[in-house]
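The values are calculated or read from the model by the stated rules, or taken from the named source; none is laboratory data. This one's a predicted model, so the numbers in the text were calculated from it and none came from an experiment. Heads up, the Cβs are rebuilt from the backbone with ideal geometry, glycines too, and the neighbour counts pull from every protein chain shown.
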């Protein structure tokens with residue numbers, strides 16, 4: 001349990017692991033190829049990393065140089081990252097969903113010398129802005145030949161490996177020497193925050209930042225040597241970078257890459273992982289799929305399911321108290337045989353636990369999956385904190401909280417409720433932005449998270465909202481929108497929900513409905529429609545949502561209730577700019593884009 005080799009930098013970790021597993025046939029990375037998953041052994045991965053690092057050196061990359069990676073999760077991402085860090089260079093991962101303009105901004109801000117892209121689609125973004133990125137010298141293409149773009153500074157990944165062989169012959173031992181020269185205080189990566197407002201900021205994280213977080217995090221989570229991880233959250237995000245990649249490797253795990261977010265259900269069945277790092281949205285989708293099947297089942301099967309779920313929840317609560325009556329244990333065993341085992345098989349049947357981060361996990365989803373036999377461990381952190389600040393203990397997790405502060409990190413609650421953090425995981429600062437750095441890191445080293453929270457007497461931390469997201473009504477009431485939004489997202493008819501009301505007399509909302517559920521409603525109700533847009537604007541749908549909202553908010557205070565809402569026929573998307581790559585809503589963008597609709601909801605109010 002925990003890390004299997006000592007290390008103080010990422011290159012040291014990788015090469016020590018490569019030595020430990022040099023003769024092992026067990027794969028370290030797995031990816032889908034020609035209809036099935038294939039593995040890459042440590043010996044093969046080490047050789048590719050060494051050659052690619054030498055190839056980058058032949059392109060002029062050295063210590064401190066910045067190299068951008070624009071790619072979906074795949075083995076070449078890890079090869080590139082490990083090669084860059086072995087040279088003492090700094091990688092700047094960019095979300096593959098970013099636009100060409102966003103790519104241009106990051107390439108220029110970090111002064112990237114080389115950009116490594118996954119495919120022609122990503123390459124086209126770089127080529128589009130190539131004339132406006134003066135520091136960029138070379139673009140490396142992972143898959144494909146670039147359509148004869150070599151004269152524009154484009155070179156194939158395979159050719160960099162070949163160049164590495166030649167460079168290695170002329171400079172034997174150079175890569176290992178460079179890796180050994182890397183120090184804990186050296187900059188490891190620039191991770192650009194997706195930013196809910198303005199341009200993204202480059203978070204400077206050192207080897208010490210990430211390594212301290214890996215060592216502390218793996219003391220709390222029970223990752224075992226040989227555990228198999230399914231990776232599908234973007235590696236350009238700090239959560240997957242640490243939890244699903246570096247921490248997985250440090251514990252001697254194997255990482256299998258999902259083909260895409262859409263194929264995760266199928267890939268779970270193929271890979272049969274032990275650990276998955278994910279976000280609450282996955283649990284929402286799995287839960288919705290299960291409940292849809294239950295609702296469409298015959299009455300007897302529905303009755304058995306709900307009986308089993310009640311037994312599972314009762315057993316989980318009793319187990320936490322350390323007292324499980326024999327009769328309850330028998331009921332739980334029967335429920336498992338009749339219902340739960342089949343559900344777990346849909347996730348591969350081998351999951352020991354899932355780590356949830358990036359957004360609050362609604363308590364009911366945690367309790368639902370706990371009853372089924374799927375343990376969810378929720379944690380909390382930010383890119384600026386490498387990223388983990390707290391995580392629930394494996395045997396003492398509490399839904400509704402983000403757990404206890406990990407070893408080595410301090411947390412304090414400011415007088416206004418803001419969570420402050422201090423420790424070895426706190427970033428060095430924002431790249432080229434000392435003013436922004438001073439805004440969030442005080443003289444005593446406390447990092448201002450921007451989150452509002454409370455800590456109970458036993459040290460469990462709970463997040464209540466974002467400081468900047470607090471609404472102040474025109475009547476002077478402070479309103480935390482996120483808990484209210486999460487309440488409405490429980491409805492099977494609501495896919496996305498954005499609350500409006502800062503400096504307003506009352507709350508309104510923009511709603512993107514769940515169109516699959518609406519189609520079923522329309523079929524049951526005999527509603528004829530021509531498409532999603534037509535369906536979203538039908539009076540019957542508005543009335544349906546009106547009843548849903550009335551039922552959901554009956555226990556809210558009057559000033560927390562939604563008085564009016566507008567139904568949208570187009571989802572909020574990353575491409576549209578309404579949500580960030582880490583799936584956070586850009587409120588300012590949403591309010592600007594739908595300003596007319598919002599104003600119409602408030603028309604006629606003095």
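Taking residue 247, is it within 30 Å of residue 15 (Cβ to Cβ), without any contact (Cβ under 8 Å) to a residue 40 or more places away in the chain and either within 19 Å of the chain's Cα centre (by Cα) or surrounded by fewer than 21 Cβ atoms within 10 Å (Cβ to Cβ) (or both)? Before the answer, list the steps.
Working: within 30 Å of residue 15 (Cβ to Cβ): yes; without any contact (Cβ under 8 Å) to a residue 40 or more places away in the chain: yes; either within 19 Å of the chain's Cα centre (by Cα) or surrounded by fewer than 21 Cβ atoms within 10 Å (Cβ to Cβ) (or both): yes.
Yes; evaluated as a whole, the condition is true for this residue.
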Q | Looking only at segment 147-191, and only at residues there that are buried (at least 19 other Cβ atoms within 10 Å of the Cβ) and within 22 Å of residue 130 (Cβ to Cβ), the one that is modelled with the lowest pLDDT | A | 149
Q. Assuming residue 550 fulfils every condition listed in (1) over 30 Å from residue 93 (Cβ atoms); (2) in a loop (DSSP other than H, G, I, E, B) apart from one, which condition is it?
A. (2)
Q) Considering only segment 542-560, how many residues are surrounded by 19 or more Cβ atoms within 10 Å (Cβ to Cβ) and more than 25 Å from residue 519 (Cα to Cα)? A) 1
Q.
Criterion first (out of contact with any strand residue (DSSP E or B) (no Cβ under 9 Å at 6 or more places or on another chain), crowded, with 23+ Cβ neighbours inside 10 Å and at pLDDT 95 or above) does residue 67 satisfy it?
A. no
(Q) Given the criterion surrounded by fewer than 19 Cβ atoms within 10 Å (Cβ to Cβ), assigned to a loop (DSSP other than H, G, I, E, B) and touching a strand residue (DSSP E or B) at 6+ places or on another chain (Cβ under 9 Å), identify the matching residue among 563, 503. (A) 503
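Residue 113 - would you say it is farther than 29 Å from residue 177 by Cβ and in contact (Cβ under 8 Å) with a residue 24 or more places away in the chain? Working first, answer last.
Working: farther than 29 Å from residue 177 by Cβ: no; in contact (Cβ under 8 Å) with a residue 24 or more places away in the chain: yes.
Criteria not met by residue 113.
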Q.
Please determine whether any residue of segment 84-101 is surrounded by fewer than 22 Cβ atoms within 10 Å (Cβ to Cβ) and modelled with pLDDT of 95 or more.
A. no
Q) Of everything in segment 272-300 that's outside any helix (DSSP H, G or I) and in contact with a strand residue (DSSP E or B) (Cβ under 9 Å, 6 or more places away or on another chain), which residue is surrounded by the most Cβ atoms within 10 Å (Cβ to Cβ)? A) 276
Q) Only one of these conditions is not met by residue 303: (1) under 29 Å from residue 493 (Cβ atoms); (2) within 23 Å of the chain's Cα centre (by Cα). Which number is it? A) (2)
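Hey, could you check segment 352-387 for residues that are assigned to a loop (DSSP other than H, G, I, E, B) and modelled with pLDDT of 95 or more and say which is surrounded by the fewest Cβ atoms within 10 Å (Cβ to Cβ)? Spell out the reasoning first.
First pass over segment 352-387, keeping only residues assigned to a loop (DSSP other than H, G, I, E, B): 352, 357-362, 373-375, 382, 386-387.
So of that shortlist, the ones also modelled with pLDDT of 95 or more come out as 352, 373-375, 386-387.
Working: 352: 15, 373: 17, 374: 20, 375: 19, 386: 32, 387: 28.
This residue is 352.
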Q. From the list 573, 580, which one is closer than 25 Å to residue 94 by Cα, at pLDDT below 90 and either surrounded by 16 or more Cβ atoms within 10 Å (Cβ to Cβ) or more than 18 Å from the chain's Cα centre (by Cα) (or both)?
A. 580
Q. Looking at (1) under 29 Å from residue 115 (Cα atoms); (2) crowded, with 24+ Cβ neighbours inside 10 Å, which is the only condition residue 204 fails?
A. (2)
